[in-house]
1. With a cut-off of at least 1 residues that are within 16 Å of ligand 2 (Cβ to nearest atom), surrounded by 13 or more Cβ atoms within 10 Å (Cβ to Cβ) and modelled with pLDDT of 90 or more, name the strands (runs of 3 or more DSSP E) lying wholly within the range 114-159.
2. Please specify each residue of the range 390-421 satisfying the condition of being in a loop (DSSP other than H, G, I, E, B), over 23 Å from the mean Cα position of the chain (by Cα) and surrounded by fewer than 17 Cβ atoms within 10 Å (Cβ to Cβ).
3. Taking residue 236 as the residue in question, decide whether it is farther than 18 Å from residue 285 by Cα, more than 14 Å from ligand 1 (Cβ to nearest atom) and in contact with a strand residue (DSSP E or B) (Cβ under 6 Å, 6 or more places away or on another chain).
4. For the range 366-389, which positions are without any contact (Cβ under 8 Å) to a residue 60 or more places away in the chain and outside any loop (DSSP other than H, G, I, E, B)?
5. Between a first residue in the range 133-161 that is over 14 Å from residue 102 (Cβ atoms) and a second residue that is in a loop (DSSP other than H, G, I, E, B) and within 16 Å of ligand 2 (Cβ to nearest atom), which pairs have beta carbons less than 6 Å apart while being 6 or more apart in sequence or on different chains?
6. Can you find a residue that is within 17 Å of residue 271 (Cα to Cα) and touching a strand residue (DSSP E or B) at 6+ places or on another chain (Cβ under 7 Å) anywhere in the range 136-147?
7. Do we find that residue 164 is touching a residue at least 40 places away in the same chain (Cβ under 8 Å) and in a helix (DSSP H, G or I) in this structure?
8. Take the residues of the range 98-113 that are under 21 Å from the mean Cα position of the chain (by Cα) and over 22 Å from residue 139 (Cβ atoms): which is farthest from ligand 2 (Cβ to nearest atom)?
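The values are calculated or read from the model by the stated rules, or taken from the named source; none is laboratory data. Bear in mind the structure is a predicted one, so any value in this text is a computation, not a measurement. Note that each Cβ is placed from the backbone with ideal geometry, even for glycine, and that neighbours are counted across all protein chains shown.
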Ligand code: AMP
Ligand code: GLY
């Protein structure tokens, strides 16, 4: 079968690597791809925002499955346009993708389906928001409703900080994403991410992970897209995972289906493990980046068959997903300046040496400049290794990081620290 993979980051390199291992794959095409993805796929010049061009490409190249990596094309309705033309696609339609595209949509769904989450109110004006602020204790969480690349969330410790956050959102700091705002109760606990495949009816757990969103060691500094992750996140015990499925994932899937907008794809639930059990922080409508890299490293199966079963509504026929018991851990090497303006063009060497240690290096933001590999984005490489414990996986990943020569890059040195500390106890 021919497959088209959309996206060009580390998540998509990990997906391409696994898709390429499937015996049923004939040709893998990718757009825009990157030099790492090019090791497994034919890169094509296609703009995911041009739905007609994507559909035409699929018909001309007999594409049997489109895998949509990032959220923007999903929220934009690309999956709908492919499905209308009979092209199987992994990823939800526009309406259910609102789980990621609109924080207010998700909060309202939680209310209708009685899903545990933080108390909230949706507001569309600064005055309305200020009036509603009195109903919340401090700290209060303030979120731009729409897609804001992970940056539209402010945790205000004081009323003045809250007022400043509202001021910036309603004066357009996040563009259209901030025209509507959600105020939320602050929840305390440890965070874990949980992934589940669904075709709108069947649900298949796809493992857990823990991301590291802050740029600096010890979880300091500004938020990023994620500086590293490991899987599994053992804080999400089998009992808590089952509770999350029963109280969060199952009611989400069933309510969306009952309301005529079945969700097909991967549900990425950001969970807060509170004293009262798992509560939903947010949903994403795609695999996490870099969480996908550690999930794919652990995944032991035919990814083409699995994603096709989701796309065709035949997930109930699939056995459970098999994930290696070993921990996978990935360290993001970023370009200096990230998450602000990253320095482009810095040379990268030593990937082969890093992989000789047994690690796998996924390309996130690289480019080939006349035969030299250079940085071409904020997050540049995802250095991924496995081990019998988080500590062992961490040591292996940093041994590989140290084999890479990327003078304009940097990384956190403590990915997995919470679990490493627990293991040391
Ligand atoms: P989100 O983009 O919704 O995942 O939010 C980004 C980060 O903000 C989360 O990973 C949490 O660390 C934090 N956060 C969001 N909502 C809440 C909440 N209601 N209570 C506590 N922390 C939150
Ligand atoms: N690593 C966070 C995300 O993919 O949204």
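1. 140-144
2. Within the range 390-421, 402, 407 qualify.
3. So residue 236 passes the test.
4. Selection gives 369, 372, 374, 375, 380, 383, 385.
5. 150/225
6. Yes, the range 136-147 contains at least one residue that is within 17 Å of residue 271 (Cα to Cα) and touching a strand residue (DSSP E or B) at 6+ places or on another chain (Cβ under 7 Å).
7. no
8. Looking at residues that are under 21 Å from the mean Cα position of the chain (by Cα) and over 22 Å from residue 139 (Cβ atoms), I get 109.
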